[in-house]
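Reading through the structure tokens given below for one structure.
Laboratory data are not the source of any read-out in this text; all were calculated from the coordinates shown. Just so you know, these numbers come straight off a predicted model, no measurement behind them. Glycine also receives a Cβ, built like all others from the backbone with ideal geometry; neighbour counts cover every protein chain displayed.
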């Protein structure tokens, strides 16, 4: 795999093994923290006894593991820290080496792992609506965070000139499960792409069971675990809504909605009392047994009238008693004009057999000082009933909406850690795979 060279640290005399001799640029002594020139056979000291954050890597130096079918050896790690609103946040980056495939990198923050590779070409950046995006291989990455990152600790070998305390400008763009990172200065920028990898996979790759633990919180490019089930429910729901729409259209198309009786110009005079009751001329209800809708409309103004109705089968004498009320009030107050009530009303009878019928109409009530009320009555046969379809629509769509709550909540927790809290539309991207 990698042939190591044994040397001594010029600062403290501790033994140092170079695993990537000829490839590594600097090496940090694990004993005293001095940063040495790995290209110099004498390991010239570049930074002596560097003040560094004490840390213990989760994957020990020299550990070998197979990543994407290639065996690598972990030869270096550094601790990187950013400060946001006076609070330090640190993560660990690992350098893995294979003499035939070069370098591969890992990063770990609070149990969240990424496998990282350097990009040979930078992505294109786009700006719109106050946001910056990056495009790579047809995939859109949203800007997540920008910060000044500093090296707060280092162990082992690195393929670049490293100093503890060095700072770089870091910018991250996310499109789960991928993360694009731009690191550098105003003169040079290096792009890399990380892929979120479960800790169980990393533990299996490097044979380190201790790192297989539950991550803390939600990471920038962590796949949303709720998206797959939510999309499955949505797909099924869309098909069911399509069936619902076809049934609604078919129901409306198959109903005749025939007007069996229509009488205008009827009136109600309160002074006449029960004398206002009337029985219509006979009318025919044709076809199969179906519903009957009785519609009443009046000219009430700041008044109300209650109509007692009876649909009577002329042959059997069977009566179906129902009622309808119309009322309408209007006026003005300090808030402006207002209205209340409706001048029309209707009632529907179900499964009325065909035959000859009459309708008894008995208006009652109203304001004592009200004027003469005129009204009209219309009887419809076999009308579309949409109430059940409305209930069915909510029964189908509510689960689809509720199924997205966990996914949207996960996205909210993700973007709370970004520079765009409250700005990013916290909804799972269609590109994301769970």
Ranked by Cβ crowding within 10 angstrom, fewest neighbours first, how are 7, 155 ordered?
-> 7, 155
So the angle from the long Cα axis of helix 387-402 to the longest Cα principal axis of the chain, reported in degrees to the nearest 10, equals 10
Could you state the angle between the C-alpha long axis of helix 405-415 and the longest principal axis of the C-alpha atoms of the chain, as a value from 0 to 90 degrees rounded to the nearest 10?
-> 40
Top of 356, 214, 193 by mean-square fluctuation, Gaussian network on the chain, Cα under 10 Å = 356
How do 112, 19, 101 rank when sorted from fewest to most other Cβ atoms within 10 Å of their own Cβ?
-> 101, 112, 19
Roughly how tilted is helix 227-254, in degrees to the nearest 10 and between 0 and 90, from the longest Cα axis of the chain?
-> 20
GNM, the chain, Cα, under 10 Å: largest mean-square fluctuation among 147, 319, 14?
-> 319
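Taking Rh as the Kirkwood radius, which is the inverse of the mean 1/r over Cα pairs, what is the Rg/Rh value for segment 243-294? It would help to have the intermediate numbers written out before the result.
Working: Rg = 17.5 Å, Rh = 14.7 Å.
Result for segment 243-294 is an Rg/Rh of 1.19.
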log10 I(q)/I(0) for segment 259-402, Debye formula on C-alpha points only (no solvent), q = 0.08, 0.09, 0.13 Å⁻¹, two decimals, reads -0.30, -0.37, -0.68
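Taking only the alpha-carbon atoms of segment 5-222, what semi-axes of the equivalent ellipsoid follow from 5 times the gyration tensor eigenvalues under a square root, in whole Å, largest first? Present the calculation step by step, with values, prior to reporting the outcome.
Working: eigenvalues 167, 79, 58 Å².
With the √(5λ) rule applied to segment 5-222, the semi-axes are 29, 20, 17 Å.
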Listed residues 36, 372, 61, most fluctuating in the chain (Gaussian network, C-alpha, under 10 Å) | 372
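Show that you can apply the helix-only estimate: for the chain, add -39,500 (n - 2.57) for every DSSP H stretch of four or more residues, divide by all residues, and state [θ] at 222 nm to the nearest 500.
Details: 4 runs with 63 residues, N = 434.
Value at 222 nm, helices only: -5000 deg cm²/dmol.
Going by average Cβ density within 10 Å per residue, which order do the peptides 378-389, 171-182, 340-351 take, highest to lowest?
On the way: 378-389: 16.4, 171-182: 22.5, 340-351: 13.8.
Final packing ranking: 171-182, 378-389, 340-351.
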Relative contact order of the chain: what whole-number percent is it, with Cα pairs under 8 angstrom and at least 6 residues apart?
-> 14
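Quote to one decimal, in nm, the extra length available between residue 386 and residue 398 on full extension: 0.36 nm per residue of separation minus the C-alpha distance between them. Working shown, then result.
On the way: separation 12, 0.36 × 12 = 4.32 nm, distance 1.80 nm.
Additional length available on full extension: 2.5 nm.
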Based on the Cβ-Cβ distance of residue 323 and residue 417, what FRET efficiency does E = 1/(1 + (r/R0)^6) give at R0 = 60 Å, to the nearest 0.05?
-> 0.45
Between residue 229 and residue 139, the two model label points (7 Å from Cα along the beta-carbon direction) sit apart by a distance in nm of 2.5
If you take the beta carbon distance between residue 100 and residue 147 as r and set R0 to 41 Å, what does 1/(1 + (r/R0)^6) give as a FRET efficiency, to the nearest 0.05?
-> 0.70
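Compactness ratio of the chain: Cα Rg over 2.2 N^0.38 Å, N = residue count?
Details: Rg = 39.0 Å, N = 434, 2.2 N^0.38 = 22.1 Å.
Here the Cα radius of gyration is 1.76 times the empirical estimate.
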Computed from every Cα-Cα pair in segment 156-237, P(r) in 10 Å bins starting at 0 and rounded to whole percents is 14, 28, 35, 16, 5, 1
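Note the per residue figure in Å³ for the convex hull of the C-alpha positions in segment 209-272.
Numbers: hull volume 18.1 nm³, N = 64.
About 283 Å³ per residue, rounded to a whole number.
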